[in-house]
C-alpha cells in the first residue's frame, strides 16, 4: 500500500511539472551581455530589458501611473564585484536617469549578475525606478540596488 501511495505521489509530481509554468521575469536572462564588460551598464540589450520590464510593471501593479521609459541618460556604474572563489557570481551595480512619457525624470538603479540567468547561464538584470517600487521589493528608494 505504501509503495502504491509513493508511486501515486511521484506520478502527480511528474504530471504537475509538465504543466506550463508562468513566465518568470525577475532577473531575466540577457544573452550576449557580460557583467565583466565595463560597457555593460549602457548595453542596448540591458536598457531594452529594463524598458520592457518597466512597461510590464506599470501595467500590472495597481495604482502606478501608466508611463513608459522614453530614454536613458547619465548612465554610470556604482560598483563592480568580480567573481571569486567565495562569491562565484560577478555583479555590476549601475545607475541612470530615465525620461518618462509624462515628462518627468526618475533615477533608476540596476544590477547585472553573471552567471545568473536561467539555469545559471547568461547575465540577469534586476532594476528599480525611484517611486515605482510600490511594494518596497528593493527597500525604501531602491536602496538594495544602489
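The values are calculated or read from the model by the stated rules, or taken from the named source; none is laboratory data. Just so it is clear, the structure is predicted and the values come from calculations on it, not from any experiment. For neighbour counting, all protein chains shown are included, and Cβ atoms are generated from backbone atoms with ideal geometry for every residue, glycine included.
Hand me the list of strands (runs of 3 or more DSSP E) wholly inside the stretch 68-132 holding 1 or more residues that are under 17 Å from the mean Cα position of the chain (by Cα) and surrounded by fewer than 16 Cβ atoms within 10 Å (Cβ to Cβ).
Values: elements: 69-81, 90-100, 105-114, 123-129.
Once the strands (runs of 3 or more DSSP E) in the stretch 68-132 are filtered for at least 1 residues that are under 17 Å from the mean Cα position of the chain (by Cα) and surrounded by fewer than 16 Cβ atoms within 10 Å (Cβ to Cβ), what remains is 69-81.
Anything in the stretch 105-121 that is in contact (Cβ under 8 Å) with a residue 24 or more places away in the chain and within 22 Å of residue 132 (Cβ to Cβ)? List them, or say none.
Hits for the stretch 105-121 are 106, 107, 108, 109, 110, 111, 112, 113.
Being surrounded by 13 or more Cβ atoms within 10 Å (Cβ to Cβ), modelled with pLDDT under 95, touching a strand residue (DSSP E or B) at 6+ places or on another chain (Cβ under 8 Å) and on the phi > 0 side of the Ramachandran plot: is that true of residue 40 here?
Spelling it out, it is not the case that residue 40 is surrounded by 13 or more Cβ atoms within 10 Å (Cβ to Cβ), modelled with pLDDT under 95, touching a strand residue (DSSP E or B) at 6+ places or on another chain (Cβ under 8 Å) and on the phi > 0 side of the Ramachandran plot.
(1) loosely packed, with under 15 Cβ neighbours inside 10 Å; (2) modelled with pLDDT of 90 or more; (3) on the phi > 0 side of the Ramachandran plot: which one isn't true of residue 142, the others all being true?
That leaves (1) as the condition not met.
Would you say residue 52 is at pLDDT below 95 and within 15 Å of the chain's Cα centre (by Cα)?
Taking the combined requirement at face value, the residue does not satisfy it.
Quick check on my filter: what residues within the stretch 50-67 are in a loop (DSSP other than H, G, I, E, B) and surrounded by fewer than 13 Cβ atoms within 10 Å (Cβ to Cβ)?
Scanning the stretch 50-67 gives 61, 62, 63, 65, 66.
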